[in-house]
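The values are calculated or read from the model by the stated rules, or taken from the named source; none is laboratory data. Because the structure is predicted, anything quoted here is derived from the model rather than measured. So basically every Cβ, Gly included, is an ideal-geometry build from the backbone, and we count neighbours across all protein chains shown.
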Amino acid sequence: MDTIASLFSFITTPVSWVIVQFHKVYGALFGDDSGWAWGLSIVSLVVLIRICLIPLFVKQIKSTRNMQVLQPKMKAIQERYKNDKQRQSEEMMKLYKETGTNPLSSCLPILAQSPFFFALYHVLSSIASGKKIGAINQDLLDSARQAHIFGAPLAAKFTDSVEKVTSLDASLTDVRIVTAIMIVLMSASQFFTQRQLMTKNVDLTVKTPYMQQQKMLMYIFPVIFAVMGINFPVGVLVYWLTTNVWTMGQQMYVINQNPTPGSKAQDAYLQRVLKSVTAHGQVRGRTRRNTVKAIVAKGPDRNDIERKFITGLGKLGLAAQDDGTVQKSETAAADAEGSQAHKRQQPKRQTKAKRQTAGAAGAKDAESSDAGSKTSLEKQDAPQDDQPKSAGKPASGSSRQAKSGQRKGPQRPKHPSKK
């Protein structure tokens, strides 16, 4: 711990100073020794840090979008080198290098928070040990040691002994109940954040290392937090739970407003845009206009969801323009009706039972047809003595039975020399 503290000593003092400033504000409302004053100070620290990390988050989103643009090329590489995994990885890395894309960019916000996390951990550990640190003097140290959140001191941990918890004027049962609930909430929020990313905001038609990375994080991070959480003080659990909730809300906003192309979130988003256009006759909002503009610019490279959106506009008699707006167009309506009619002309796929029934009926019809043909041939082959033959004309049966190469009608007698 001393080694970690020395590594992050450059940020311990600023973190403790920020907590003290927030404590002055909340202490005036809830009391200096109140757990709410110290707990809300930690929450405010998280909000401040995450606001400062917004530019990094924007960079993360841009890098993620670059990964999505590269997905067709990545799919081509996978198909080309599907039997050579090493060559496939080399070509993927070459593509990342050429386009300046980093598949590990999703980890940047977590890495950027690490110094603040360890600094706060060291501050709370010092409070539990009764040591002054950074901007926290003796009076603030005594106040922080008396602060409880739902009966659990800020500096208490799940693994603390009865003697240590008693010295902080608390019950070991209360500490373990509060920490267990916070650990479960922290792990659940992390899992839900990754799960909604995988199920709603990923193009599942293309498998990429980015998807594999997100799937791995979805299961690994909650386990890590659950295992490490028992060694975190209550104040650190408050910090990490708050940052998980912030990340979850931030991601929900991005999924709703800027979804990944080809994902379920994009389908839901474009349906909302189409519904708004139906109600108002125009694309409302700069963000939505930019989305429509990007779809128009793709041209034939649009995915199925985007083509369905353009077709939906055509049914309304509207055509998307290069600037993201829509205008009345009879051509777009005709194209939409033509594509819909073409789609209706395609036969529906029958079930296996119907196909078997149809096959049996066809076989019966074929047998009946064969039997009828056979009967007809027998009738034709039968002698027709009761029918008078026309003079100078051959019988119809004889004409049918004429071999290929012979002329129809009466035949000239052969020359005696050719018999």
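If the condition is being among the hydroxyl-bearing types (Ser, Thr, Tyr) and either more than 15 Å from residue 315 (Cα to Cα) or surrounded by fewer than 15 Cβ atoms within 10 Å (Cβ to Cβ) (or both), then the stretch 263-278 contributes 263, 269, 278.
Checked against the criteria, residue 43 counts as β-branched (Val, Ile, Thr) and touching a residue at least 60 places away in the same chain (Cβ under 8 Å). Against the list (1) in the same structural domain as residue 184 (by TED's automatic domain parsing); (2) hydrophobic (A, V, I, L, M, F, W, C); (3) part of a loop (DSSP other than H, G, I, E, B), the condition residue 283 fails is (1). Within the stretch 66-98, the set of residues being surrounded by 12 or more Cβ atoms within 10 Å (Cβ to Cβ) and among the charged types (D, E, K, R) comprises 73, 75, 80, 87, 90, 91.
Test residue 157 against the criterion of being surrounded by 19 or more Cβ atoms within 10 Å (Cβ to Cβ), of a type in the set (D, E, K, R) and in a loop (DSSP other than H, G, I, E, B), and give yes or no.
On the way: surrounded by 19 or more Cβ atoms within 10 Å (Cβ to Cβ): yes; of a type in the set (D, E, K, R): yes; in a loop (DSSP other than H, G, I, E, B): yes.
In short, yes.
Restricting the search to the stretch 12-31, which residues are crowded, with 18+ Cβ neighbours inside 10 Å, farther than 15 Å from residue 115 by Cα and not aromatic (Phe, Trp, Tyr)? Scanning the stretch 12-31 gives 19, 23, 27. The single condition from (1) within 30 Å of residue 221 (Cβ to Cβ); (2) in a helix (DSSP H, G or I); (3) modelled with pLDDT under 90; (4) touching a helix residue (DSSP H, G or I) at 6+ places or on another chain (Cβ under 8 Å) that residue 253 fails is (4). Checking each residue of the stretch 118-126 against the condition of being modelled with pLDDT of 80 or more, of a type in the set (S, T, N, Q) and over 21 Å from the mean Cα position of the chain (by Cα) gives at least one match.
Looking across the stretch 132-142, the residues that are touching a helix residue (DSSP H, G or I) at 6+ places or on another chain (Cβ under 8 Å) and either crowded, with 19+ Cβ neighbours inside 10 Å or free of Cβ contacts under 8 Å to residues at least 12 places away in the same chain (or both) come down to 132, 133, 134, 136, 140. Restricted to the stretch 1-106, the set of helices (runs of 4 or more DSSP H) holding at least 1 residues that are more than 21 Å from residue 121 (Cα to Cα), at pLDDT 80 or above and of a type in the set (Gly, Ala, Ser) comprises 9-30, 71-80, 85-99. From the list 63, 34, 16, 41, pick out the single residue that is assigned by TED's automatic domain parsing to the domain that holds residue 101 and touching a Gly at 6+ places or on another chain (Cβ under 6 Å). Within the list 63, 34, 16, 41, the selection yields 16. Within the stretch 160-196, being closer than 30 Å to residue 215 by Cβ, of a type in the set (Val, Ile, Thr) and surrounded by 18 or more Cβ atoms within 10 Å (Cβ to Cβ) holds for 179, 183, 193.
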